[in-house]
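A short reminder: the numbers here are calculations on the coordinates, not readings from a lab. On a predicted model such as this, the values are computed, not experimentally measured, just so you know. A quick note on method: Cβ atoms are made from the backbone with ideal geometry, for glycine too, and the neighbour counts reach across all protein chains shown.
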Amino acid sequence: MDEQKDIMIPEPLLMPVIAVEYSLFWESLSKNELRVQKCAECATLRYPPNPMCSVCQYFDHTWELMSGNGEVYSYVVTHQPTNSAFIGRTPLATVIIELDEGPHLISNILNISPSEIKIGMRVRVVFIKMDDQITLPFFELID
Ligand SMILES: [Zn+2]
């Protein structure tokens, strides 16, 4: 996985709250690892973390290491700040990344104008440490 980089990132509007049952997910991010749950019964990968497999309703799982590579599955560009938190932050692209292993993550792509984003663009994860507890997965284009 890539080292953390000194690059411009969009400030998150709100920081995530760490649920204790998913602390391993957050600990992995702080080690520059992107892991998702893998059902111990049917091997379905699931993200975001949740207590039960939606396919077989099994609770046990492992945390599978993802490659961090994927592509733009979909995106939306916000132009009008419909909430005061968006003032000065638009246009802002919110992107759904389809990891090569299958799960979808909602994130942002760094260092690209929202007007340049295209479905199918290849991306890789970039880990950005936000504070002492939270590292977030952003994405950048693969050259
Ligand atoms: Zn399952």
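Simple rule: put +1 on each Lys or Arg Cβ and -1 on each Asp or Glu Cβ in the chain, find the dipole, and look at Ser30, Thr78, Phe138; the Cα lying farthest toward the positive end is Thr78. Springs between Cα atoms under 10 Å define the GNM used for the chain, and in it the highest mean-square fluctuation of Ile109, Ile119, Ile128 occurs at Ile119. Put in order of Cβ neighbour count within 10 Å, fewest first, the listed residues Asp100, Asp60, Asp143 become Asp143, Asp60, Asp100. Distant-in-sequence amide contacts of His61, defined by a placed amide H-H separation under 5 Å and a gap of 5 or more residues or a different chain, comprise Ala40.
If you take the square roots of the eigenvalues of the alpha-carbon gyration tensor of the range 66-143 and sort them as a ≥ b ≥ c, do you get rounded (a/c under 1.5), prolate (a/b over b/c) or oblate? Kindly include the intermediate steps, with their values, before the conclusion.
Working: a/c = 2.01, a/b = 1.27, b/c = 1.58.
Oblate is the answer for the range 66-143, as a/c is 1.5 or above yet b/c matches or exceeds a/b.
Taking Cα centre as origin and charging only the Cβ of basic (Lys, Arg, +1) and acidic (Asp, Glu, -1) residues, the dipole magnitude of the range 20-141 rounds to 320 debye. For the chain, the Stokes-Einstein estimate of translational diffusion at 10 °C and a viscosity of 1.306 mPa s comes to 99 µm²/s, using the Kirkwood hydrodynamic radius over alpha-carbon pairs. Backbone geometry of the range 15-20 corresponds, through the Karplus equation with coefficients 6.51, -1.76 and 1.60 at θ = phi - 60°, to 3J(HN,Hα) couplings of 7, x, 9, 7, 7, 4 Hz, x marking Gly and Pro.
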